[in-house]
Every structure is written in structure tokens, then in C-alpha cells.
Amino acid sequence: MAETTLNPSNARKKFYQLLKDINKEHKEIQIISEVTGNNAVLISLEDWQSIKETLLLEQTGVLDKVRKREKDDSGFTNIDEIDWDKI
């Protein structure tokens, strides 16, 4: 994915178009200021929610279980037999 970097002034001028672009193309826009503490990244709400969900699954250990099951070649798993409350 190509990275787009703008300074805050240019980001402000193009803000509405940037919103359309990040939602359509699912890319990030880096907003880099001359002042280090004023930097940011602009991403779509959908992408942000996906990132938060992935982090939650990682923090709770669910992704480790998914990865383990992806490597399990013991055969078919009936989803009705899974105790979803214990995952």
C-alpha cells in the first residue's frame, strides 16, 4: 500500500476528499507536522474498528486459539459441538 503523507495545512485543505479516499481505498494518510507532538494518522472508521477488534482478539487469546485450529489437520470440526462460552 502506498503511503500518503501530508502536512497539517494541506490535510486541512483536502480534508473532505481525504475522508472519501480513505473510506474508498482503505489506506492511511499520515499527517506530519514540523512539531513532533502534532503528528497523526487518518484512517476510516471501518478500518479503525477492525484494528480494535483484532487487538481485542489478540489480547484475550482468541487469535492464538484460531491460529492453533488453523494448523490442526485432524479433520472436520462440527461448530455445534464448540462451547462458545469457553472460547
Original post:
Which of the residues that make up the stretch 13-54 are hydrophobic (A, V, I, L, M, F, W, C) and at pLDDT below 95?
Top reply: 35
**OP:** State which residue is modelled with the highest pLDDT when the search covers only the stretch 1-12 and only residues that are outside any helix (DSSP H, G or I) and aliphatic (A, V, I, L, M).
**Re:** 6
Subject >> Flag for residue 87 being at pLDDT 95 or above, within 23 Å of the chain's Cα centre (by Cα) and surrounded by 10 or more Cβ atoms within 10 Å (Cβ to Cβ) >> reply: no
Original post:
Does any residue in the stretch 22-47 that is farther than 13 Å from residue 9 by Cα come within less than 8 Å, Cβ to Cβ, of a residue that is among the hydroxyl-bearing types (Ser, Thr, Tyr) and in a loop (DSSP other than H, G, I, E, B) six or more places away or on a different chain, and which pairs are these?
Top reply: 22/44; 23/44; 26/44
**OP:** For residue 18, indicate whether it is part of a helix (DSSP H, G or I) and in contact with a strand residue (DSSP E or B) (Cβ under 8 Å, 6 or more places away or on another chain).
**Re:** yes
Subject >> Evaluation of residue 57 against (1) assigned to a helix (DSSP H, G or I); (2) more than 18 Å from the chain's Cα centre (by Cα) (one fails), failing number >> reply: (2)
Original post:
Do we have any residue at all in the stretch 20-41 that's out of contact with any Lys or Arg (no Cβ under 7 Å at 6 or more places or on another chain), over 30 Å from residue 7 (Cα atoms), basic (Lys, Arg) and surrounded by 11 or more Cβ atoms within 10 Å (Cβ to Cβ)?
Top reply: no
**OP:** Pairs only if they're at least six apart or on different chains, beta carbon under 6 angstrom, first in the stretch 61-87 and without any contact (Cβ under 8 Å) to a residue 24 or more places away in the chain, second aliphatic (A, V, I, L, M); list them, first residue then second.
**Re:** 63/57
**OP:** For the stretch 1-35, enumerate the residues that are among the aliphatic types (A, V, I, L, M) and within 14 Å of residue 48 (Cα to Cα).
**Re:** 19, 22, 29
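The values are calculated or read from the model by the stated rules, or taken from the named source; none is laboratory data. In this text the structure is predicted, and so the values were computed from the model without any measurement. Here the Cβ is made from the backbone with ideal geometry for all residues, glycine too, and neighbour counts use every protein chain on show.
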